[in-house]
Amino acid sequence: MKRRGRVSLALVHGFLFLVLAGSACGASEPIQYSLDLREPASHLVKVVMTVKGASPSMELQLPAWNNLYQIRDFARDIQGLAAECDGREEHLERVDLDTWRQEAQPCARLVLRYAAYATGSSPFSSVVDGEHAFLNFATLLFYLPRERVRAVQVKFLLPEGWKVASLIEQNGTSFLAPNYDALVDSPAEAGRFDDYTFSQDGATYRVIVHADPKDYSPEQLLRSLRKITATETALMRDVPFSRYTFIFHFLKKGEEGGGGMEHRNGTAITIAAAQLHNHWESLESLVAHEFFHLWNVKRIRPQLLEPIDYIHGNDTRDLWFCEGVTSTYGELALLRAGLITRKTFLSRLADAIDALQSQPARSFQSAEESGLEAWFEKYNDYLRPERSVSYYNKGELLGFLLDLAIRHATGNGAGLDDVMRCLNEDFARQGRFYTRRDLELAIARVAPGFSGVEAFFDDYVSGTRELDYGTYLAYAGLKLENQPSVRLGFESAVNAAGEVRIKSVEPRGAAEKAGLARGDRLLALNGQPLRDDPSAVLSQLNPGQKARFRVRRGRRVFETEYSVEAAEEGSCRIKEIRNPSAPQLQVREGWLKGETTRTAAQNQ
C-alpha cells in the first residue's frame with residue numbers, strides 16, 4: 001500500500017540496489033511469475049518465471065533466509081528446473097546451493113520452469129494440500145540479485161472453487177508488487193476461506209480465516225481485533241496503511257504448525273482450534289504482539305537487519321528490542337484495551353520474571369547475545385535453560401523496566417510510549433534505520449533526567465547483571481515477593497494437535513527420577529485426561545506430594561509416580577505497597593493506563 005507523504009521502506013530496499021541494477025531497471029517490465037496450484041494433492045507449486053530483457057550472465061537466486069531467523073535452504077524443495085532463452089533451451093550453471101547463472105548472451109525473454117514442494121507449516125513456510133495453500137513467496141520464487149528493485153507480478157492458476165488473497169494490490173488472481181522485497185513480505189492464502197472486513201480510523205482491515213466454521217466465532221474474533229487495533233494505533237498515534245490484512249489458520253486436531261509472523265501490512269497467525277475454546281486469550285496475545293510489529297520491526301527497524309541478505313542472513317542482536325519490547329507492548333495493549341485486568345497483567349509480569357530467573361544461562365548470556373544466537377533455535381538442545389535465555393522473555397522485561405525508569409526520571413512526564421513514537425517519527429517515517437546508539441539517544445531526549453541510560457544498556461542489554469526488579473517496581477509503588485514453590489524438573493507444551501508433550505527434562509530432577517523423558521506425551525494426570533500444560537496444577541502441590549502420570553512413549557503407554565520437589569528459590573508475585581507516595585501512584589497509573597502528566601491533563 002502507498003503511504004501518502006512518507007518514504008516506503010520497500011522502496012528504500014530497492015534504492016539500495018540501484019547502483020547494481022542500473023537506472024534502466026525502474027523502466028523495465030515486471031518480472032512475471034505464474035503459480036499453478038491446480039494439483040494441490042501433489043503438494044507442488046508449479047512455477048513459470050518470465051524475465052524480459054535478461055542481461056548477459058544474469059544470476060538467479062533462491063533465498064535461504066526468510067521469516068525465521070535461521071538459514072533454512074529453500075532450494076531443497078526445488079525440482080525440475082529448466083530454462084528457455086527466446087524459445088530455445090538454455091543451460092543454467094549451478095554456482096552454489098542457492099545461485100544459478102545463465103549463459104553469456106542476452107535474452108529478450110528468459111523463461112524458467114520448475115516445481116516447489118510445499119509441505120511446511122504456516123505461518124513461517126509454504127504449504128499446499130487438498131484444503132488450501134499458504135504461500136511465503138521467498139520459499140518458492142527466484143529473484144535477480146542485481147535487480148531486486150524491479151517490479152514483480154504474480155498470477156495464480158487455482159483449483160475450481162478456490163480464491164486467493166494477499167497483502168498487496170490484487171486484481172482478480174493477479175498481484176503486483178513494486179519489488180521482490182515487497183512481494184516476499186506479503187504471503188498469500190488460497191482456498192475456500194472466510195473473508196471479513198471492518199473499518200477503523202480511515203483504514204480497512206481484512207480478516208481471512210482458514211478454519212472449520214464451527215471452531216470459532218466471527219463476532220468474537222472481530223470484537224477482539226477491533227479493540228487491539230484501536231488501542232495500538234491510538235498508542236502510536238499512527239495508522240500507516242490504508243489496508244491491513246489478518247490471515248488466520250485455526251488448526252484441527254492432528255494438524256501441525258503454530259505461531260505468528262509479522263509483515264509490513266498484515267500478519268499470519270496459526271493456532272490450534274482447541275486453544276480458541278479453552279484459552280481465547282492466547283489468540284488475543286498473539287494478535288497484540290504481531291500487530292505491534294506493524295511499527296516495531298517492520299517500520300521502526302534496526303540498521304543491522306538492512307539490507308536484507310536472503311543468502312547469508314543478518315545480524316540479529318537487536319531482537320531483544322524487536323521481539324522482546326514488542327511483547328512488552330503486547331501485554332500493555334491487552335491491559336489498556338480492557339482485555340485483561342490489572343491483576344492478570346501483574347501476574348503475567350511475575351510469571352515472566354520467574355521464567356527468566358529459572359534460566360541458569362542468564363548468568364552468562366546477555367540479551368544481545370541471545371538475539372545474535374537466535375539462529376541456533378533450530379537445535380533443540382540449544383533451548384535448554386542451562387544453555388540459553390529467551391530474547392523474547394528478557395527483552396519484554398527490559399521494556400517494562402525502561403518504561404518505569406523513564407516515568408520515574410520524568411515524574412511521569414514521559415514513558416516508553418514516547419520513545420516509540422519518537423523512533424516512529426525520526427526513523428520509520430524518514431525511511432531511516434536505527435542503531436543501539438540511536439536508541440540510547442532517543443531515550444535520553446525523551447527523559448533527560450534518566451542519567452543512567454548507557455549504564456542500563458551496558459549492564460542489562462549487552463551485560464549479564466541481574467535485573468534489579470525491586471528498584472524499578474518500587475518506582476510504581478509495587479514490590480516483588482517470593483513465595484514458596486516447587487521445582488517441576490521439566491517443561492511441557494501443548495502442540496498444534498492438542499497433545500501435551502515434554503520439551504525438556506532437568507538432569508537429576510523430579511521428572512527424570514519419575515522416568516520421564518523429552519518427547520514423552522502426557523496423556524493423563526491423576527486419572528484425568530490432560531489437555532493443558534500441567535505446570536499450573538503441579539505448582540499448587542506441596543513438596544513431597546505425589547502425582548501420577550499416564551504417558552505415551554512411541555507405541556508404549558505406561559504410568560509413573562511423580563514426586564514434587566521444593567524449589568531452591570520461590571516463585572514471585574507482585575503486590576502494591578502500603579501507603580505509596582504521590583509520585584509512585586502517578587507512575588503506576590501512568591504506566592498501566594498509558595498516560596503521562598501531559599496527556600492526563602489533556603484528557604481532563
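Any idea how many residues of the range 531-547 are in contact with a Ser or Thr (Cβ under 9 Å, 6 or more places away or on another chain) and closer than 15 Å to Phe490 by Cβ?
5
May I ask you to list the residues in the range 470-513 that are surrounded by 18 or more Cβ atoms within 10 Å (Cβ to Cβ) and in contact with a helix residue (DSSP H, G or I) (Cβ under 6 Å, 6 or more places away or on another chain)?
Listed by number, the residues that qualify are Tyr472, Tyr475, Ala476, Gly477, Leu488, Gly489, Phe490, Gly498, Val505.
Per-residue answers, yes or no, for (1) surrounded by 20 or more Cβ atoms within 10 Å (Cβ to Cβ); (2) in contact with a Gly (Cβ under 6 Å, 6 or more places away or on another chain); (3) within 28 Å of Asn424 (Cα to Cα):
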{"residue": "Gly257", "(1), (2), (3)": "yes, no, no"}
{"residue": "Gly266", "(1), (2), (3)": "yes, no, yes"}
{"residue": "Trp280", "(1), (2), (3)": "no, no, no"}
{"residue": "Leu283", "(1), (2), (3)": "yes, no, yes"}
{"residue": "His289", "(1), (2), (3)": "yes, yes, yes"}
{"residue": "His293", "(1), (2), (3)": "yes, no, yes"}
{"residue": "Asn296", "(1), (2), (3)": "yes, no, yes"}
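Is it true that Thr471 is β-branched (Val, Ile, Thr) and assigned to a helix (DSSP H, G or I)?
yes
Out of the residues in the range 234-255 meeting the condition of being buried (at least 20 other Cβ atoms within 10 Å of the Cβ) and among the hydroxyl-bearing types (Ser, Thr, Tyr), tell me which one is farthest from Asp215 (Cα to Cα).
So the residue we want is Tyr244.
Name the one entry in Glu290, Glu262, Glu256, Glu219 that is free of Cβ contacts under 8 Å to residues at least 40 places away in the same chain and out of contact with any helix residue (DSSP H, G or I) (no Cβ under 9 Å at 6 or more places or on another chain).
Exactly one of Glu290, Glu262, Glu256, Glu219 is free of Cβ contacts under 8 Å to residues at least 40 places away in the same chain and out of contact with any helix residue (DSSP H, G or I) (no Cβ under 9 Å at 6 or more places or on another chain), namely Glu219.
Could you check, for the range 409-428, whether at least one of its residues is at pLDDT below 95 and in the same structural domain as Ala442 (by TED's automatic domain parsing)?
Looking for residues that are at pLDDT below 95 and in the same structural domain as Ala442 (by TED's automatic domain parsing), one finds none in the range 409-428, hence no.
For the condition aliphatic (A, V, I, L, M) and within 19 Å of the chain's Cα centre (by Cα), what is the one hit in Leu339, Leu356, Leu349, Leu334?
Leu334
Which of (1) within 29 Å of the chain's Cα centre (by Cα); (2) modelled with pLDDT of 90 or more; (3) not assigned by TED's automatic domain parsing to the domain that holds Glu440 does Arg531 not meet, given it meets every other one?
Result: Arg531 passes all but (2).
Can you report the number of residues in the range 64-121 which are within 30 Å of Glu323 (Cα to Cα) and of a type in the set (Gly, Ala, Ser)?
5
Can you find a residue that is closer than 30 Å to Glu256 by Cβ and in a strand (DSSP E or B) anywhere in the range 474-483?
no
Go over the candidates Arg88, Arg101, Arg109 one by one and state the one that is free of Cβ contacts under 8 Å to residues at least 12 places away in the same chain, over 30 Å from Tyr244 (Cα atoms), surrounded by fewer than 24 Cβ atoms within 10 Å (Cβ to Cβ) and charged (D, E, K, R).
Step by step, each of Arg88, Arg101, Arg109 is checked, and only Arg88 is free of Cβ contacts under 8 Å to residues at least 12 places away in the same chain, over 30 Å from Tyr244 (Cα atoms), surrounded by fewer than 24 Cβ atoms within 10 Å (Cβ to Cβ) and charged (D, E, K, R).
Would you pick out the residues in the range 368-388 that are over 17 Å from the mean Cα position of the chain (by Cα) and at pLDDT 95 or above?
Selection gives Glu368, Glu369, Tyr382, Arg387, Ser388.
State whether one or more residues within the range 370-378 are buried (at least 17 other Cβ atoms within 10 Å of the Cβ), of a type in the set (Phe, Trp, Tyr) and over 17 Å from Glu284 (Cα atoms).
No, because not a single residue in the range 370-378 is buried (at least 17 other Cβ atoms within 10 Å of the Cβ), of a type in the set (Phe, Trp, Tyr) and over 17 Å from Glu284 (Cα atoms).
The values are calculated or read from the model by the stated rules, or taken from the named source; none is laboratory data. Remember, it's a predicted structure, so these values are computed and weren't measured experimentally. Note that we place each Cβ from the backbone using ideal geometry, even for glycine, and neighbour counts take in every protein chain shown.
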